[in-house]
Amino acid sequence: MQEEFSNRPQALKSGFGILTNFNQLTTGIHNFGIEAQDSAGVTQSAVASMTVVKVANAELLDMFDLSAAQVSRVESAIELENVTVRDQATQQTTQITADYIWDAAVSASPSRPAVERLA
């Protein structure tokens, strides 16, 4: 990349990305792999796992209503009960419980919670 884009100072540190809607995947654990090959033909690969959780089994929500929600906190978790969500495709509403748990490995501060469970 640096050779091809030598006029760009950060070319050496450039990377590639892909945009995808993970909710198009089925609920459960998925493994993602990538393999790169350099100009000398040397390849290197990596695999990572991710758990897909679909809130209300919906691909996309167009409503997340907290007006009737009840909130409780236990240690580093916040639980929201009676949250109403709506599936954009079917317009079906469902009540869920959402747990937000701060994970020091994921978040540098409590202002950035990691979603642990949505059911």
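Quick note: the coordinates plus some simple rules give every number you see, no bench work behind them. Quick caveat, the model's predicted, so the values are computed rather than measured. Every residue, glycine among them, receives a Cβ derived from its backbone with ideal geometry; neighbour counts consider all protein chains shown.
Below is a table of values for the structure above.
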quantity	calculated
4 °C / 1.567 mPa s Stokes-Einstein diffusion coefficient of segment 1-73, Kirkwood radius on C-alpha pairs, µm²/s	77
Charge context of Asp62, other residues only, Cβ under 14 angstrom, K/R +1, D/E -1	-2
log10 of Debye I(q)/I(0), alpha-carbon scatterers only, for segment 11-52 at 0.23, 0.32, 0.33, 0.34 Å⁻¹	-0.93, -1.17, -1.18, -1.19
